[in-house]
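Notes for the one structure printed next.
The values are calculated or read from the model by the stated rules, or taken from the named source; none is laboratory data. Since we're looking at a predicted model, the values are computed, not measured. In this analysis, Cβ positions are derived from the backbone assuming ideal geometry, glycine residues included, and neighbour counts consider all displayed protein chains.
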Amino acid sequence: MKNDKLKDFIYQQLEEIKAKEISVIGLPDDSTIADYMIVCSGTSSRHVKSIAILLIKALKEANKPPIGIEGEDASEWVLVDCGDVVVHVMQPITRDYYQLEKLWE
């Protein structure tokens, strides 16, 4: 069963903290990774880091803390693993290079 409430909460938070080009990808039902992947962009490394920090703060305040966080130091690509929803916050050049959306279409 897909976790739509968590997905919707994260999407709303990303909109509020001014993430760019938010894309929600529903993963196949037999996926062991997550139910959803959300990919968004920040305009710079500082913006990417800020988006990730504010999202993590909102998740903790909502009593839904992430189970893993990767890439905060470089802030080129920060992954926030929320269990049923995995969030990728990326700089545009990194997002263009890896094209995660195309991998899961």
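Within the range 25-49, residues that are surrounded by 14 or more Cβ atoms within 10 Å (Cβ to Cβ) reach partners that are among the polar types (S, T, N, Q) and modelled with pLDDT of 90 or more with beta carbons closer than 6 Å, at six or more positions or on different chains, in the pairs 39/23; 48/91.
With the requirement that a residue be of a type in the set (Val, Ile, Thr) and surrounded by fewer than 17 Cβ atoms within 10 Å (Cβ to Cβ), what does the range 54-68 give you?
Listed by number, the list holds a single entry, 67.
Scanning the range 69-82 for residues that are surrounded by 14 or more Cβ atoms within 10 Å (Cβ to Cβ) and not hydrophobic (A, V, I, L, M, F, W, C) gives 71, 72, 75, 76, 81. Somewhere in the range 84-93, is a residue touching a residue at least 40 places away in the same chain (Cβ under 8 Å), acidic (Asp, Glu) and buried (at least 17 other Cβ atoms within 10 Å of the Cβ)? Yes.
Yes/no per residue for (1) touching a His at 6+ places or on another chain (Cβ under 6 Å); (2) modelled with pLDDT of 95 or more; (3) small (Gly, Ala, Ser):
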{"residue": "29", "(1), (2), (3)": "no, no, no"}
{"residue": "34", "(1), (2), (3)": "no, no, yes"}
{"residue": "48", "(1), (2), (3)": "no, yes, no"}
{"residue": "61", "(1), (2), (3)": "no, yes, no"}
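Going residue by residue through the range 6-20, is there one that turns out to be among the aliphatic types (A, V, I, L, M) and within 18 Å of residue 98 (Cβ to Cβ)? Yes, that holds for at least one residue.
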